[in-house]
1. Residue by residue through the stretch 99-138, note down the ones that are open to solvent by 80 Å² or more (accessible area, probe 1.4 Å) and either in a helix (DSSP H, G or I) or modelled with pLDDT under 75 (or both).
2. Mind checking which residues of the stretch 321-342 are closer than 30 Å to Tyr233 by Cβ, in a loop (DSSP other than H, G, I, E, B) and touching a residue at least 60 places away in the same chain (Cβ under 8 Å)?
3. Just a yes or no: is a residue in the stretch 239-258 in contact (Cβ under 8 Å) with a residue 12 or more places away in the chain, over 23 Å from Val128 (Cβ atoms), touching a helix residue (DSSP H, G or I) at 6+ places or on another chain (Cβ under 6 Å) and open to solvent by 20 Å² or more (accessible area, probe 1.4 Å)?
4. Please work out which residue is surrounded by the fewest Cβ atoms within 10 Å (Cβ to Cβ), limiting yourself to the stretch 38-82 and to residues that are touching a Ser or Thr at 6+ places or on another chain (Cβ under 7 Å) and polar (S, T, N, Q).
5. Checking the structure you have, find out if any residue of the stretch 221-232 is over 16 Å from Trp264 (Cβ atoms), at pLDDT 95 or above and either touching a strand residue (DSSP E or B) at 6+ places or on another chain (Cβ under 9 Å) or assigned to a helix (DSSP H, G or I) (or both).
6. Scan the stretch 289-308 for residues that are closer than 19 Å to Ser336 by Cα and part of a strand (DSSP E or B) and report the count.
Amino acid sequence: MKINKWIFGVLLIVINACNNKEQLVKEQPEDVATPPNMVWIPGDSFTQGAKENDRLALEHEKPAHSVAVDGFFMDITEVTNASFKKFVDETHYVTTAERPIIWEEFKKSLPEGTPKPADSLLQPGSLVFNEKVKNVTNYTDFRQWWKWVKGANWRHPEGDNSDIIGKENYPVVHISYEDAQAYCKWAKRRLPTEAEWELAAMGNLKNPVYSWGDDASKTDKEANTWQGDFPNYNSKSDGYSALAAVKSFVPNSLGIYDIAGNVWEYTQDWYNVNYYQELFSKGETTRNPQGANEAWNPANQYEKERIIKGGSFLCNESYCSSFRISARMGMAEGSSSNHVGFRTVVDLKMLQKD
């Protein structure tokens, strides 16, 4: 008798939960107060990765595998411009996008023999979505809708002539993995693991495709995404053409806002296309998985990538549908753009140290 991989994963959860000698931390301890602007994520066992009824699941979301995650606290919103500004004001931190580009370091992430660009191009900046792009038919070349903008950074999201005045409650963008880690150190927080992120995104639901359930028709009411023909036309039926302020859409069942859409969110895990198969092959439930030991993406061998989750205002069902819970993408550690941000978590052990 054949048993498909998803059912096999569920069976493993049941079997291993019974055999697990150390009790999973599910409920928030009564003597532990919830940190400001955070919510408790109850610990649970679940099937991570592609859902059985997800027709849009990609190969790198497979095979689904059994994990168990202890409870923790997560930010109810993505880190905002106001919060990041407070961090910068107190530490004088300079983000990756604001630093001069040193060619000798930069070329290490490029194929050997790549010629040095003109010095005029090696200026601080970041990637910005090109809203003027039209009539794209070849979706394999993302350079058609992205442009490098000198002077683009968290203070100036679209370049030198833009600012964040009046956007204090928008998610901070143009943040590299290094920038996010620096903020976490200051805030005494950390980035979530991919497994923690998925557990939080599911909320009180059981194996949903989306943070609100399985109904794709609700997307424009539940998340800030792209409606229409990406990247040629955006109908803006959700009310937004780009970023939205945090809490512009209803939260999931645990009270977490924008866990789908708006901006991609960093996790601490390396992006390794073989990792899911490694976990599945163990035939057991992995407790608090920390991600692969190293990055590996054959499509981008010159960069070390971290996993980002949740999709952004640019995600569209016909192109990437990355607002699905199991969706994932690799992001080079030193890269940044105007659709990637982050949120933080803190676990009980970290609070005990404080």
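The values are calculated or read from the model by the stated rules, or taken from the named source; none is laboratory data. These numbers come from a predicted model, not from an experiment. Using ideal geometry, Cβ is built from the backbone for each residue, glycine included, and neighbour counts are taken over all protein chains shown. Calculation scope for accessible area: heavy atoms of the full protein, side chains included, ligands and nucleic acids excluded. Shrake-Rupley method; radii C 1.70, N 1.55, O 1.52, S 1.80 Å.
1. Across the stretch 99-138, the qualifying residues are Ile102, Glu104, Glu105, Phe106, Lys107, Lys108, Glu112, Pro115, Lys116, Asp119, Leu121, Thr137.
2. Step one: of the stretch 321-342, the residues closer than 30 Å to Tyr233 by Cβ are 321-332, 335-342.
Right, trim to in a loop (DSSP other than H, G, I, E, B) and you get 321-328, 335-336, 338-339, 342.
The answer is Ser321, Phe323, Arg324, Ile325, Ser326, Ala327, Arg328, Ser335, Ser336, Asn338, His339, Phe342.
3. no
4. Going through the qualifying residues, I end up with Ser45.
5. Yes, the stretch 221-232 has at least one match.
6. Residues in the stretch 289-308 being closer than 19 Å to Ser336 by Cα and part of a strand (DSSP E or B): 4 in total.
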